[in-house]
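Where a number appears in this text, it was derived from the coordinates with a stated rule and is not lab data. This structure is a prediction, so every number in the text was calculated from the model and none was measured. Glycine gets a Cβ as well: all are built from the backbone with ideal geometry, and neighbour counts include every protein chain shown.
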Protein chains: 2
Amino acid sequence: MSPDHNPVRHDRDGVARTALALLDEVGLADLSMRRIAARLEVQPSALYWHFDSKQELLAELADRITARIPAGGADVLTTARSIRDALFAYRDGAELVLSTYALRLGSSHAQAALEHALGPDSGDRAAALLHFILGHSTLAQQRMHAESHGATAGDGDDPTAGLAEVFDLGVSAIAGLSAPRPRDRA
Amino acid sequence: MSPDHNPVRHDRDGVARTALALLDEVGLADLSMRRIAARLEVQPSALYWHFDSKQELLAELADRITARIPAGGADVLTTARSIRDALFAYRDGAELVLSTYALRLGSSHAQAALEHALGPDSGDRAAALLHFILGHSTLAQQRMHAESHGATAGDGDDPTAGLAEVFDLGVSAIAGLSAPRPRDRA
DNA sequence: ACCTGAACACCGTTCAAGT
DNA sequence: ACCTGAACACCGTTCAAGT
């Protein structure tokens, strides 16, 4: 007993799963390679057998977060909401995807789903919609987390109030819908 | 001659100005307190006399970047473009403002300018507009910089093409304009 | 195939002490 | 009022070597 090293071995998938769970616990700013390694009971250098760099690991996490977006079949508002909710499913998910997707031109899963919902020749509208969703979700998620930790230098009113209305308004306008379909139980 | 320390003293404004210039040179990821200190020919700890933390310094830089936005008097599209251009004026300006403004509820200078251009009771529209502008500008700026350094795993076509059209389309739609006023020399 | 151990060049921040 | 010097607890990454 009392082994001083761990015989458990990991593969790329296991590392990514642990990293994703840790992201949700500690947030993007505190998600270090050394922390991930510690959670896996492995030396930091071991991670570099599975990923070439931290950037590559983060890109994999962004892919896993956006993989939960339904491919097609829904209308624009529903598609937009499911993209937002996929980003909200993990702490700092929106910020991670935003910073990671910047280099992946229009080839994202999310943009494809939006183009499908918008119809043919909707490339620019789909891009604008995606930019709005990513900007809004990043700001909203940061505010929600700050508020739940009392870190806002608040002037009294809730900065989180009305966020869902702002989202629906933006999506409907860019999609060319006349008025937003009301949210459930608004 | 050959003095081994520098008799030059700095104030808060001078530190911020140097940091802003350095941001434009090296980008947000490489803007460390130690690098700023080195540029000022000062020890890193000296910076903490002027700012309580790196976060506070970054917030000051964000304020300086957005201070260049004209207060009012212009139409929505013009106002939106001048917000975008203020963010583009410094490397990673959009990303810095996005991450810094998350905690500053609706009280930003930019949002006030948009509300003024949109008219009375336009709070939600102004918020949606600001979210779009920040999301779009962050993505656009990162792509522009990646492209200029050949860092995109490119599939051939220019990821920067059409960005201005996407911007005008998004702004016009959210503002409730029927069709975007064409850009100069489009 | 997957990991250790050691090293390198960095971080942000604190604090007593100097001028 | 503004800075130094030293320290603390961290970073990402590389690389030879082990199993």
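If the condition is being within 15 Å of DNA strand C (Cβ to nearest atom) and not in a helix (DSSP H, G or I), then segment A:28-40 contributes A:S32, A:L40. Annotation: of all residues in segment A:24-59 being more than 7 Å from DNA strand D (Cβ to nearest atom) and in contact with a Lys or Arg (Cβ under 6 Å, 6 or more places away or on another chain), the one that is farthest from A:V8 (Cα to Cα) is A:G27. Taking first residues from segment A:35-58 that are within 14 Å of chain B (Cβ to nearest Cβ) and partners that are within 12 Å of DNA strand C (Cβ to nearest atom), the Cβ contacts under 6 Å between residues at least 6 apart in sequence or on separate chains come to A:K54/A:M33.
Go through segment A:107-139 and give me each residue that's more than 7 Å from chain B (Cβ to nearest Cβ) and farther than 18 Å from A:A86 by Cβ. Residues satisfying the conditions are A:L118, A:G119, A:P120, A:D121, A:S122, A:G123. Restrict the check to segment A:62-82 and report whether at least one residue is under 11 Å from the mean Cα position of the chain (by Cα), basic (K, R), on the phi < 0 side of the Ramachandran plot and surrounded by 19 or more Cβ atoms within 10 Å (Cβ to Cβ). Taking every residue of segment A:62-82 in turn, none turns out to be under 11 Å from the mean Cα position of the chain (by Cα), basic (K, R), on the phi < 0 side of the Ramachandran plot and surrounded by 19 or more Cβ atoms within 10 Å (Cβ to Cβ).
Could you check segment A:41-79 and list, in sequence order, the residues that are of a type in the set (S, T, N, Q), over 23 Å from A:L96 (Cβ atoms) and either away from DNA strand C (no atom under 16 Å from the Cβ) or in a helix (DSSP H, G or I) (or both)?
Filtering segment A:41-79 down to residues of a type in the set (S, T, N, Q) leaves A:43, A:45, A:53, A:55, A:66, A:78-79.
Filter once more, so that each one left must be over 23 Å from A:L96 (Cβ atoms): A:43, A:45, A:78.
Hits for segment A:41-79 are A:S45, A:T78.
When segment B:96-105 is filtered for residues that are at the interface with chain A (Cβ under 7 Å from one of its Cβ atoms) and over 12 Å from the mean Cα position of the chain (by Cα), the ones remaining, listed by number, are B:A102, B:L103, B:L105. With respect to the conditions (1) touching an Asp or Glu at 6+ places or on another chain (Cβ under 9 Å); (2) over 20 Å from B:I174 (Cα atoms); (3) surrounded by 17 or more Cβ atoms within 10 Å (Cβ to Cβ), B:A89 lacks only one, and its number is (3).
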